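Notes follow the structure.
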Amino acid sequence: MPLRSYTRRRLLPRLVFALSMAALPLVLGSLIIYWQALRALTAEAQTASNEALRLFDVMLDNARGAAQVALLHAEEPCDQATQVLREQVAVVPFVRSVNLTRDDDIYCTSLFGEFEERLDPSLYAEGRLRLMAGNSVTPDSALLVLRRVLGNHAALATVDGRYLSNTLQLVDQRSDLQLQVGRQWMDEEGRVFDGKPAALPLGHVEAHSQKYPYSVIGGFPAGAQWQHIREDALPLVALMLMLGGVSGYACFWLWGRSATPSLELERALLAGEFVPYLQPLVDALDGHWIGAEVLMRWIHPREGMVGPDLFIPLAERSGLIVPMTRDLMHQVADALAPHGQLLGEGFHLGFNISARHCAEPGLFDDCREFQARFLPHRPELTLELTERELIDSSTVTDELFDKLHSLGVYLAIDDFGTGNSSLAYLHRFQVDALKIDKSFVAMIGVDALSLHILDSIVELCGKLELRIVAEGVETQEQWDYLAQRGVDVLQGYLFGRPMALPAFIEALAARNEKAR
């Protein structure tokens with residue numbers, strides 16, 4: 001159709017341009033965030049490595065102190081030196097054992113006293129430091145051995161590997177840290193391996209001790225940058241998303257600013273600014289809800305609520321009233337169909353249609369689709385014929401109304417008595433109901449002539465066997481008057497103002513609950 005093709009022609013370049021402007025800050029921002037994440041990971045790994053290095057130096061300083069004290073007793077017999085060795089293990093933090101060697105033979109230990117075992121100095125980095133996966137006493141527990149030499153004697157001070165693994169784990173729980181001593185290295189789990197570890201995928205750094213022959217390797221596993229972005233850069237990501245969204249929306253809105261009222265209506269339709277409001281229809285006998293009229297409201301982003309008398313005539317003249325009504329029916333079906341059990345039998349839902357709708361064969365499909373959405377519940381759909389534009393009786397119109405009647409759709413004349421074609425509609429079309437305009441209802445108790453006209457309309461409907469709906473009922477006096485004269489259905493502020501869909505569903509549920 002002309003409107004759809006024109007809309008698509010205008011919408012596509014607007015969307016492409018708006019999406020491009022929205023993507024630009026997102027792409028640039030994402031690149032910056034990603035680069036900053038990599039830099040942050042490298043800096044964090046460097047900080048963690050330096051801190052682990054500092055703590056390991058403290059441990060080895062303690063071990064060196066214990067070894068120095070042990071060397072002072074190297075010339076003594078082992079049974080005398082053993083007490084000193086055990087004192088060092090007891091009082092010096094991190095030290096697990098202290099041993100003495102003579103000519104590279106271990107002869108005295110803090111654990112066993114006199115002992116015999118050959119020592120290979122070549123296994124020690126720079127002859128001073130060795131990382132072991134375990135020994136004969138604790139084969140499954142790593143240890144770091146510091147060797148301090150004095151002449152042909154040496155002292156071995158051992159640091160427990162659990163201190164080392166705990167340090168690697170706790171210094172920074174997000175990064176991976178490894179301890180490298182010579183050709184051996186240890187991971188955070190305390191496992192010792194031979195050779196040089198593979199480079200860590202992200203933020204790989206190496207920190208070397210200035211005091212001892214070892215280094216700490218730090219970095220992050222693959223994919224850590226995404227976790228970092230989620231944990232540390234989320235506000236910046238949200239800012240970029242917001243900036244991109246605002247940029248794209250601004251471009252879309254600026255391009256779509258309308259130079260004419262009809263284009264502004266088209267823009268509002270594409271933006272979803274036309275929303276349904278429902279006003280209850282009540283039984284004139286007891287006032288319980290038996291239906292609702294669906295009214296179109298325009299929620300303008302700048303002007304707020306726009307009255308239907310300002311935009312409906314323009315929408316009818318421009319032809320936009322057809323897609324606007326179709327969208328209104330979709331919104332009502334989407335919201336009300338899941339609550340079909342609240343409607344009950346015979347619940348009426350009325351939509352206003354104009355001459356433009358009657359020239360559109362799609363109206364039948366719209367009504368059929370609307371009813372199908374409510375299955376197994378099926379409200380009674382009523383189309384209210386407005387009189388702002390004359391509906392011509394033609395073959396197309398007659399066939400359309402016949403098909404609608406076969407579908408179970410009711411036809412009503414809206415605002416009867418105010419247009420110049422109401423009686424002509426009664427003559428031409430097979431209508432099912434009349435809606436008395438609120439101007440006649442307002443005259444109840446005020447103007448006798450208007451009451452005569454009102455009584456005549458009611459009498460005419462009775463003779464034609466038409467249902468009567470009175471609009472604009474605001475007082476109890478009006479309700480009583482209309483009920484006494486056999487008016488079937490009432491509508492007005494006395495029973496409820498037009499309300500948005502969520503409020504209508506809530507009110508309907510509350511009434512059903514109260515009626516139980």
Subject >> Residues that are open to solvent by 30 Å² or more (accessible area, probe 1.4 Å) and among the acidic types (Asp, Glu), drawn from the range 468-496 >> reply: GLU474, GLU477, ASP480, ASP488
**OP:** Of the numbered conditions (1) touching a residue at least 60 places away in the same chain (Cβ under 8 Å); (2) assigned to a helix (DSSP H, G or I), ALA74 fails exactly one; give the number of that condition.
**Re:** (2)
**OP:** List the number of the failed condition for GLN225; all other conditions in (1) of a type outside the set (D, E, K, R); (2) closer than 21 Å to LEU55 by Cα; (3) surrounded by 20 or more Cβ atoms within 10 Å (Cβ to Cβ) hold.
**Re:** (2)
Original post:
Listed residues TYR277, TYR249; which is open to solvent by 40 Å² or more (accessible area, probe 1.4 Å), assigned to a helix (DSSP H, G or I) and touching a residue at least 12 places away in the same chain (Cβ under 8 Å)?
Top reply: TYR249
Original post:
In the range 386-404, how many residues are modelled with pLDDT of 85 or more and touching a strand residue (DSSP E or B) at 6+ places or on another chain (Cβ under 9 Å)?
Top reply: 2
**OP:** Could you run through the range 355-384 and say how many residues are closer than 24 Å to ASP309 by Cα and modelled with pLDDT of 85 or more?
**Re:** 5
**OP:** Could you check TYR212 against (1) closer than 19 Å to GLY134 by Cβ; (2) over 43 Å from the mean Cα position of the chain (by Cα) and say which number it fails?
**Re:** (1)
**OP:** Being free of Cβ contacts under 8 Å to residues at least 60 places away in the same chain and assigned to a loop (DSSP other than H, G, I, E, B) is the filter here, so list the residues in the range 119-140 that pass it.
**Re:** LEU119, ASP120, TYR124, GLY127, ALA133, GLY134, ASN135, SER136, VAL137, THR138, PRO139, ASP140
Subject >> Cross-chain or 6+ apart pairs with Cβ under 7 Å, the range 47-61 first and part of a helix (DSSP H, G or I), then surrounded by fewer than 16 Cβ atoms within 10 Å (Cβ to Cβ) and not small (Gly, Ala, Ser) >> reply: ASP57/LYS211
Original post:
Does any residue of the range 196-204 turn out to be assigned to a helix (DSSP H, G or I), open to solvent by less than 30 Å² (accessible area, probe 1.4 Å) and farther than 30 Å from GLY346 by Cβ?
Top reply: no
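So that you can scan it fast, the table gives a plain yes or no per residue for (1) β-branched (Val, Ile, Thr); (2) open to solvent by 70 Å² or more (accessible area, probe 1.4 Å); (3) modelled with pLDDT of 75 or more:
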position: PHE17; (1), (2), (3): no, yes, no
position: VAL27; (1), (2), (3): yes, yes, yes
position: TRP35; (1), (2), (3): no, yes, yes
position: LEU41; (1), (2), (3): no, no, yes
position: ALA48; (1), (2), (3): no, no, yes
position: LEU55; (1), (2), (3): no, no, yes
position: ASP61; (1), (2), (3): no, no, yes
Subject >> Condition check for ASP366: of a type outside the set (Val, Ile, Thr) and surrounded by fewer than 17 Cβ atoms within 10 Å (Cβ to Cβ) >> reply: no
**OP:** Would you be able to say whether some residue in the range 211-221 is free of Cβ contacts under 8 Å to residues at least 12 places away in the same chain and either surrounded by fewer than 20 Cβ atoms within 10 Å (Cβ to Cβ) or among the hydroxyl-bearing types (Ser, Thr, Tyr) (or both)?
**Re:** no
**OP:** Check whether at least one residue in the range 99-109 is closer than 25 Å to THR167 by Cα and out of contact with any His (no Cβ under 7 Å at 6 or more places or on another chain), and report yes or no.
**Re:** yes
Original post:
Taking the stated definitions as given, is LYS211 in a loop (DSSP other than H, G, I, E, B) and within 30 Å of ASP105 (Cβ to Cβ)?
Top reply: yes
**OP:** Answer with yes or no whether ASP414 is surrounded by fewer than 16 Cβ atoms within 10 Å (Cβ to Cβ) and of a type in the set (D, E, K, R).
**Re:** no
**OP:** Kindly provide the set of residues from the range 141-169 that are part of a loop (DSSP other than H, G, I, E, B) and touching a helix residue (DSSP H, G or I) at 6+ places or on another chain (Cβ under 6 Å), ordered by number.
**Re:** SER141, ALA142
**OP:** Kindly indicate which of LEU143, LEU131, LEU123 is within 18 Å of ASP194 (Cβ to Cβ), touching a Gly at 6+ places or on another chain (Cβ under 9 Å) and open to solvent by 50 Å² or more (accessible area, probe 1.4 Å).
**Re:** LEU123
Original post:
Residues of the range 460-470 being in a helix (DSSP H, G or I) and either on the phi > 0 side of the Ramachandran plot or in contact with a Gly (Cβ under 9 Å, 6 or more places away or on another chain) (or both), which ones?
Top reply: CYS461, GLY462
Original post:
Does the range 261-278 contain any residue that is of a type outside the set (Asp, Glu) and farther than 30 Å from PHE351 by Cβ?
Top reply: no
Original post:
Of these, LEU349, LEU295, LEU314, which one is touching a Ser or Thr at 6+ places or on another chain (Cβ under 9 Å) and open to solvent by 20 Å² or more (accessible area, probe 1.4 Å)?
Top reply: LEU314
Original post:
Of these, SER318, SER262, which one is among the polar types (S, T, N, Q) and either out of contact with any Leu (no Cβ under 9 Å at 6 or more places or on another chain) or more than 23 Å from VAL396 (Cα to Cα) (or both)?
Top reply: SER262
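The values are calculated or read from the model by the stated rules, or taken from the named source; none is laboratory data. Because the structure is predicted, anything quoted here is derived from the model rather than measured. All Cβ positions, even for glycine, are placed from backbone atoms using ideal geometry, and neighbour counts span all protein chains on display. In case anyone asks, the SASA skips ligands and DNA or RNA and just uses the protein heavy atoms, side chains included. Shrake-Rupley method; radii C 1.70, N 1.55, O 1.52, S 1.80 Å.
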